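This report concerns only the one structure given below.
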Amino acid sequence: MDTVKLAKFLVGKTLVHDLGRRRLSGRIVETEAYLVGDAAAHSFRGMTPRNRALFLERGHAYVYFVYGNHYMLNVSGGPAGMGTGVLIRAVEPLEGIDLMKRARHTSRLLDLARGPGRVASAFRITARLDGRNLVSGEGSLWLGSAARRTGAIGESIRIGITKDANRVLRFYEAGNPFVSGPKRLNSPLGP
């Protein structure tokens, strides 16, 4: 499975973070793919201590701190050493909503995990989870199957980048209110 297929495949799947006796979970409703040779990818200039997890075999967490105030979660997307990934852009909360509201300091359900920084905040994802295997079934942060049937998948250009910005590598569940970004990019068929 290539990284673009993985980005589409993850839409509708479940993101889970077990916190002792409590569980945070939600449906992934929006992703973005970052590929080899992609100037917007953190792997563009090669492996560094910061982006090492992006070069792990498909299915590992790549967590990084941006803009001096929040983390973002990616899933490594290729064979070991490749350096591709899928950014988790938005999640529809399912379990642990009260904990997400406290972490995000809001009671507005739509604002809990709509946008990649909000996802990490709501799910309490920090740098300590960088490099974790999300598919082995052995960690507190993991990816599960779809909680329900996934709707039509829309696609558009990526959001919030300036390099390689016109590539159609963003995928989302069309019509889902938890999807982030401007409405003009969120139509069922894309822009």
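The values are calculated or read from the model by the stated rules, or taken from the named source; none is laboratory data. Being a predicted model, the structure only gives us computed values, none of them experimental. Note that we place each Cβ from the backbone using ideal geometry, even for glycine, and neighbour counts take in every protein chain shown. Please note that ligands, DNA and RNA were not included when accessible areas were found on the heavy atoms of the full protein model with its side chains. Shrake-Rupley method; radii C 1.70, N 1.55, O 1.52, S 1.80 Å.
How about the stretch 62-72: which of its residues are surrounded by fewer than 24 Cβ atoms within 10 Å (Cβ to Cβ) and of a type in the set (Phe, Trp, Tyr)? Steps first, answer last, please.
At the first step, the residues of the stretch 62-72 found to be surrounded by fewer than 24 Cβ atoms within 10 Å (Cβ to Cβ) are 63-72.
Matches in the stretch 62-72: Tyr64, Phe65, Tyr67, Tyr71.
Of the residues that make up the stretch 170-186, is at least one surrounded by fewer than 17 Cβ atoms within 10 Å (Cβ to Cβ) and closer than 26 Å to Val36 by Cα?
At the first step, the residues of the stretch 170-186 found to be surrounded by fewer than 17 Cβ atoms within 10 Å (Cβ to Cβ) are 175, 177, 182-184.
Narrowing further to those that are closer than 26 Å to Val36 by Cα: none.
No, because not a single residue in the stretch 170-186 is surrounded by fewer than 17 Cβ atoms within 10 Å (Cβ to Cβ) and closer than 26 Å to Val36 by Cα.
What number of residues within the stretch 73-88 are surrounded by fewer than 20 Cβ atoms within 10 Å (Cβ to Cβ) and hydrophobic (A, V, I, L, M, F, W, C)? Spell out the reasoning first.
Here is the first cut: in the stretch 73-88, the residues surrounded by fewer than 20 Cβ atoms within 10 Å (Cβ to Cβ) are 79-82.
Subsequent filtering for residues that are hydrophobic (A, V, I, L, M, F, W, C) retains 80, 82.
Of the residues in the stretch 73-88, 2 are surrounded by fewer than 20 Cβ atoms within 10 Å (Cβ to Cβ) and hydrophobic (A, V, I, L, M, F, W, C).
Considering the stretch 89-113 alone, what residues qualify as being under 21 Å from Arg21 (Cα atoms) and surrounded by fewer than 14 Cβ atoms within 10 Å (Cβ to Cβ)?
Result: Asp98, Arg102.
Kindly provide the set of residues from the stretch 1-30 that are assigned to a loop (DSSP other than H, G, I, E, B) and either at pLDDT below 95 or touching an Asp or Glu at 6+ places or on another chain (Cβ under 8 Å) (or both), ordered by number. Lay out the reasoning, then the answer.
Of all residues in the stretch 1-30, those assigned to a loop (DSSP other than H, G, I, E, B) come to 1-2, 11-13, 20-21.
Listed by number, the residues that qualify are Met1, Asp2, Val11, Gly12, Gly20, Arg21.
What number of residues in the stretch 14-53 are open to solvent by less than 40 Å² (accessible area, probe 1.4 Å) and either charged (D, E, K, R) or in contact with a Cys (Cβ under 9 Å, 6 or more places away or on another chain) (or both)? Give the steps one after another, and end with the answer.
At the first step, the residues of the stretch 14-53 found to be open to solvent by less than 40 Å² (accessible area, probe 1.4 Å) are 14-17, 24-35, 38-41, 43, 46, 51, 53.
Okay, now just the ones that are also either charged (D, E, K, R) or in contact with a Cys (Cβ under 9 Å, 6 or more places away or on another chain) (or both), so 27, 30, 32, 38.
Residues meeting the conditions: 4.
Inside the stretch 45-88, can you point out the residues that are under 22 Å from Ser140 (Cβ atoms) and basic (Lys, Arg)? Can you show your working first?
Going residue by residue through the stretch 45-88, those that are under 22 Å from Ser140 (Cβ atoms) are 52-54, 56-65, 70-77, 85-88.
Within the stretch 45-88, Arg52, Arg58 meet the criteria.
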